[in-house]
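Following: one structure in structure tokens, then a few remarks.
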Amino acid sequence: MTDRYGRRFPYLRLSIVPACNFRCTYCLPHGYRAAPGAAAPLSLPEVARLLRGFAALGMHKLRITGGEPSVRHDLTEVLRTAAAIPGVRKLAMTTNGTLLSRRLGEWTEAGLNAINVSVDSLDRASFARITGHDRLEDILAGIDMALAAGLPSVKLNAVLLRDVNDRELPAWLDYLRDHAVGLRFIELMQTGDNLAFFRDHHVRAETLETQLLEAGWEALPRAADAGPAREYRHADYAGRIGIIAPYSKDFCSGCNRLRVTATGDLRLCLFGEFGIPLRPFLQQDDQLDDLVRAIGGQLVHKERTHYLHQGRTGITPHLASTGG
Ligand code: SAM
Ligand code: SF4
């Protein structure tokens, strides 16, 4: 799978449910509300067919996301189904971590080998204000369990918010000293629903990079399959830091991923103007060739870059709708 600009797409991000139990201020500030008449998320057989199609096109890294994926009762079965697809080598999940401490064993036994947990603040009150839930302690305990269990990749996502959590680098550095996690600072992105919030709280991630370099952190050379994060390390710290700066120059040149929504729409870009319904090709096992043609035929429509700088957020009301 290569597009007009020579980018390859071995990485699929599949949302398995649009619903979420949190109310993050930048994403679903009023909580999740189902659109009237909304279609049900893909069933397990539909997920299996979809993944076989992508695997036939060279996908080898899969991320399960949402909404909040653990809201789905058959999540463990979804993971087991995904892990059984030949070609899927890295099976990751992005979660808010609310069920991590209780379900980690079940998920890893099903085949999960990488996890990203969203932790926007290490301060209990601030975490509760951002997410609407006072769950920080339990989530941090779940992360410790994942590290103790030797999960090959444990990453944390923190969305940078001006005047909310943008002065917490010292607390994060304390944490990273003895936690071998990859912390990703993500610059807030504008979406269809969050314009006023975005204007108040957007802060460029570059300011953090300057602070890191001053504190002796070293930028790592970009790996060929690195995706859009810029990575930093420091010999005195067990953890690493990645910066995801979607408003930086050349952000899209490293794009290596496609997305499918919970109801089976292919999204070529997080901020694209259209989705391509794949669900009609997921109804029977013998539709694999048609599915592969439908996916492969769409790549010519993938644009060189997003148009966020012009405030064009496409059809994405919030990132819970696509999985981020
Ligand atoms: N519910 C799960 C979670 O929060 O990890 C998975 C879905 S969530 C949409 C995926 C990631 O997108 C999270 O790390 C979240 O913080 C991030 N995110 C959501 N809205 C965002 C925005 N407007 N700008 C930047 N990151 C955002
Ligand atoms: Fe839910 Fe994740 Fe959005 Fe927070 S960022 S509201 S946890 S989907």
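Counting only protein heavy atoms and a 1.4 Å probe, tell me what percentage of the chain's accessible area is made up of carbon and sulfur.
Numbers: 7370 of 14310 Å².
Roughly 51 percent, rounded to a whole number.
Residues considered: Ala38, Ala92, Ala262. Largest GNM mean-square fluctuation over the chain, using C-alpha springs under 10 Å, is found at Ala38. Helical content of the chain, expressed as a calculated mean residue ellipticity at 222 nm, amounts to -8000 deg cm²/dmol (DSSP H runs of 4 or more residues, -39,500 (n - 2.57) each, divided by residue number, nearest 500).
Each label point was placed 7 Å from the Cα along the Cα-to-Cβ direction; for Ala149 and Asp134 their separation is 2.8 nm.
Computed extension gain for His73 through Asp163, at 0.36 nm per residue and net of the alpha carbon distance, reaches 28.7 nm. How high is the relative contact order of region 11-321, given as a whole-number percent (alpha carbon pairs under 8 Å, six or more residues apart)? Value for region 11-321: 20 percent.
Ignoring solvent entirely, what values of log10 I(q)/I(0) come out of the Debye formula for region 11-321 at 0.07, 0.15, 0.16 Å⁻¹ when each Cα is a single scatterer? Scattering profile of region 11-321, log10 relative to I(0): -0.26, -1.35, -1.55.
Under the combined filter of DSSP loop state and at most 15 neighbouring Cβ atoms within 10 Å, region 16-60 retains these trypsin sites (Lys or Arg not before Pro): Arg23, Arg33. Per-residue surface analysis assigns His30 an accessible area of about 140 Å², computed on protein heavy atoms at 1.4 Å probe radius. Sequentially through region 301-316, phi angles give Karplus couplings (6.51, -1.76, 1.60; θ = phi - 60°) of 8, 6, 7, 5, 8, 7, 10, 4, 4, 8, x, 8, 9, x, 9, 9 Hz, Gly and Pro residues having no value and appearing as x.
With pairing defined as another cysteine C-beta under 4.7 Å, the cysteines of the chain that fail it are Cys20, Cys252, Cys255, Cys269. For the chain, the antiparallel share of DSSP beta bridges with both residues in that region comes to about 25%. With respect to the cross-link table entries Lys61/Lys249; Lys155/Lys302; Lys61/Lys302, which display a Cα-Cα separation exceeding 23 Å? Cα-Cα > 23 Å for Lys61/Lys249; Lys155/Lys302; rest within. 3J(HN,Hα) along region 192-197, derived from phi through the Karplus expression 6.51 cos²θ - 1.76 cosθ + 1.60 where θ = phi - 60°, amounts to x, 9, 10, 4, 5, 4 Hz, with x in place of Gly and Pro. Note on Asp286 and Ala171: their simple-model spin labels are 5.9 nm apart, each label 7 Å out from Cα toward Cβ. Amide H contacts of Ala114: Leu91, Met93, each under 5 Å away and 5 or more positions distant or on a separate chain (H built 1.01 Å from N in the peptide plane; Pro and chain starts excluded).
The values are calculated or read from the model by the stated rules, or taken from the named source; none is laboratory data. Fair warning: this is a prediction, and the values are worked out from it, not measured in the lab. Please note: Cβ atoms are built from the backbone with ideal geometry, for glycine as well, and neighbour counts cover all protein chains shown. Heavy atoms of the whole protein, side chains included, go into the accessibility calculation; ligands, DNA and RNA do not. Shrake-Rupley method; radii C 1.70, N 1.55, O 1.52, S 1.80 Å.
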